[in-house]
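Trainee: Questions regarding the structure given below will be posed in turn.
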Amino acid sequence: MPAVSRETLRRILREGKVSWQTTTTWKSSNDPGFITKMCRVLALYDTPPADGRVVCVDEYGPLNLLPRKGKAWRPRRSLRRLRATYNRYDGVMHMLAALDLATGKMYYRIRQRKRWREFLSLRKALRARWPGEKLYVVLDNFSPHKHPDVRAWAAAHDVELVFLPTYGSWLNWIESEFAALRYFALNGTDHRSHGEQNAAIAAYVRWRNGRAEPKTAFAPDSPIRAWTRYPAKAA
């Protein structure tokens, strides 16, 4: 059998539109209003309301103190080893964050808990940041988000809570920002205190906010935009 060079194989795979991909899972939603809720969120992304701004919020964590795998430039045959751990000390913390689509900037707080009180505190800070504008807050169905006191405060302060479909958190634009945060600020680290880890997160957020641009195109070519029923075949 004649040998096939690596470059020939690469061209064959490329012409056949075959790529090396990660296998992942897909959780179908059982939300009967999936399409309606999805279209509402996409409409806010595509055409922000003239009377206010769209803000995506979510929690990231838990933030443990542990060695995290990652990649870095190193001299050949000079591997960087991280310690192994058997215990988790100093507890966990949680990041409550918001993504302003009009500017592309992130705002966040790190707290020991992520109850409705912490969530409402962040909402109040966002409300104070943009007085006179209605806030359209895109968020998932985490129970603190639906607490009666949160709903009552939102109704009284010109804040509309726009809930995602059940198991539809991938529609939340801030999720992609969390992936970048993990990649650039946490992967390959071994922080020994929450203060040290929080400082790394703060440095990354300052860096990204200094280069932020308005968010204007959410999955423009995705097949989800052609869905008229759910469940649809995951592609």
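Trainee: Does the range 63-72 contain at least one residue that is free of Cβ contacts under 8 Å to residues at least 12 places away in the same chain and hydrophobic (A, V, I, L, M, F, W, C)?
Mentor: no
Trainee: Please find, among Glu133, Glu160, the residue that is open to solvent by 20 Å² or more (accessible area, probe 1.4 Å), closer than 30 Å to Tyr230 by Cβ and among the acidic types (Asp, Glu).
Mentor: Of Glu133, Glu160, the one residue that is open to solvent by 20 Å² or more (accessible area, probe 1.4 Å), closer than 30 Å to Tyr230 by Cβ and among the acidic types (Asp, Glu) is Glu160.
Trainee: Report, ordered by the first and then the second residue, all pairs with beta carbons closer than 8 Å, sequence separation of six or more or different chains, a first member in the range 41-58 that is under 15 Å from Arg123 (Cα atoms), and a second member that is polar (S, T, N, Q).
Mentor: Cys56/Asn172; Asp58/Ser169; Asp58/Asn172
Trainee: Could you check how many residues of the range 5-31 are touching a Phe, Trp or Tyr at 6+ places or on another chain (Cβ under 9 Å) and assigned to a loop (DSSP other than H, G, I, E, B)?
Mentor: Matching residues across the range 5-31 total 5.
Trainee: Does Arg127 fit the bill of being in a loop (DSSP other than H, G, I, E, B), without any contact (Cβ under 8 Å) to a residue 40 or more places away in the chain and either hydrophobic (A, V, I, L, M, F, W, C) or touching a His at 6+ places or on another chain (Cβ under 9 Å) (or both)?
Mentor: no
Trainee: Moving on to the next point. Out of the residues in the range 153-175 that are modelled with pLDDT under 95 and among the polar types (S, T, N, Q), which is nearest to the chain's Cα centre (by Cα)?
Mentor: Step by step, filter the range 153-175, then rank; the result is Ser169.
Trainee: Follow-up question, since we're still on this one. Would you pick out the residues in the range 42-56 that are buried (at least 16 other Cβ atoms within 10 Å of the Cβ) and touching a strand residue (DSSP E or B) at 6+ places or on another chain (Cβ under 6 Å)?
Mentor: Across the range 42-56, the qualifying residues are Leu44, Pro48, Gly52, Val54, Val55, Cys56.
The values are calculated or read from the model by the stated rules, or taken from the named source; none is laboratory data. What you are looking at is a predicted structure, and each value in this text was computed from that prediction instead of being measured. Glycine gets a Cβ as well: all are built from the backbone with ideal geometry, and neighbour counts include every protein chain shown. Quick note on the areas: whole protein, heavy atoms, side chains included, nothing else; ligands and nucleic acids left out. Shrake-Rupley method; radii C 1.70, N 1.55, O 1.52, S 1.80 Å.
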